[in-house]
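Read the structure below first, then the notes.
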Amino acid sequence: MRHVGLIAGAAAAALVAAGAITYAVAEDEGSSARTPGAESADAGFARDMAVHHQQAVEMSYIVRDRTKDEDVRRLAYDIAQTQANQRGMLLGWLDLWGLPKVTSEPPMTWMDMGGMASGKASDGALMPGMATNAELRELQGLSGKRAEVLYLQLMTDHHKGGIHMAEGCVRRCTVEVEKRLARGMVEGQESELKVMAGMLKERGAAPRA
């Protein structure tokens, strides 16, 4: 499927760019750039998006074991590799800044959404778009087309939530390379949303309302 091949190329480009961004932030921190504080949007985004990305990686590897469809497996692999790489960068920046990777503050506090806890949050959906533990168990119990559809639906929701968070960093973060990464997340995940919508349509399904 050609559109999945395009995503694979975009993912590879993102991984190459990631290395450049990592070096850039080190250069910034080695100059006169201000190190963000533990309660800053920069730190909050890095902590929360690292958790958000980890679930995307987990879901992607689940579906790779539940389907033989090469397009879905390739998309899942690309998402897992890209988001694992970005997660490593986010956690690396927290180390570079000497900031904690966990905090007592609720998730999304940096976006003034720290009070978003709900029944879904108590079941693992800590941030916008995240799947619940029950949904992950359901995905683990499916195979073939049913697993593909649920994965694409869950990942569509996940990307929409991730885009919301990345756009928040673009508005609120102060470290330019982190804002640049956030912009890249928005562009990459918007592209993948279009691919996933097409793949759902091919399977007689649609994104969840």
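The values are calculated or read from the model by the stated rules, or taken from the named source; none is laboratory data. Since we're looking at a predicted model, the values are computed, not measured. Cβ placement follows ideal geometry from the backbone for every residue including glycine, while neighbour counts extend to all protein chains displayed. For the accessible areas, the whole protein counts, side chains as well, though only heavy atoms, and no ligand, DNA or RNA atoms are used. Shrake-Rupley method; radii C 1.70, N 1.55, O 1.52, S 1.80 Å.
Here are the numbers:
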{"quantity": "Search result, residues across the range 83-111 that are assigned to a helix (DSSP H, G or I), touching a helix residue (DSSP H, G or I) at 6+ places or on another chain (Cβ under 7 Å) and charged (D, E, K, R)", "calculated": "R87"}
{"quantity": "Scope the range 44-63; condition more than 19 Å from G198 (Cα to Cα), open to solvent by less than 60 Å² (accessible area, probe 1.4 Å) and of a type outside the set (A, V, I, L, M); matching residues", "calculated": "G44, F45, R47, D48, H52, H53, Q55"}
{"quantity": "Selection count, the range 72-110, where residues are crowded, with 19+ Cβ neighbours inside 10 Å and either without any contact (Cβ under 8 Å) to a residue 24 or more places away in the chain or of a type in the set (K, R) (or both)", "calculated": "1"}
{"quantity": "Residue match in the range 175-194 (condition: in a helix (DSSP H, G or I) and hydroxyl-bearing (S, T, Y))", "calculated": "yes"}
{"quantity": "Among the candidates G98, G92, residue that is modelled with pLDDT of 95 or more, over 19 Å from A56 (Cβ atoms) and touching a Ser or Thr at 6+ places or on another chain (Cβ under 9 Å)", "calculated": "G98"}
{"quantity": "Extreme residue, nearest to P107 (Cα to Cα), among residues of the range 125-170 that are among the polar types (S, T, N, Q) and open to solvent by less than 20 Å² (accessible area, probe 1.4 Å)", "calculated": "T132"}
{"quantity": "T82 being farther than 28 Å from Y151 by Cα and of a type in the set (S, T, N, Q)", "calculated": "no"}
{"quantity": "Complete set of residues in the range 171-193 that are open to solvent by 50 Å² or more (accessible area, probe 1.4 Å) and without any contact (Cβ under 8 Å) to a residue 24 or more places away in the chain", "calculated": "R171, R183, E187"}
{"quantity": "Single unsatisfied condition, A117 versus (1) open to solvent by 60 Å² or more (accessible area, probe 1.4 Å); (2) assigned to a loop (DSSP other than H, G, I, E, B); (3) modelled with pLDDT of 95 or more", "calculated": "(3)"}
{"quantity": "A209 being modelled with pLDDT under 95, farther than 16 Å from V63 by Cβ and surrounded by fewer than 22 Cβ atoms within 10 Å (Cβ to Cβ)", "calculated": "yes"}
{"quantity": "Checklist (1) modelled with pLDDT under 95; (2) open to solvent by 20 Å² or more (accessible area, probe 1.4 Å); (3) in a helix (DSSP H, G or I) applied to T35, failing item", "calculated": "(3)"}
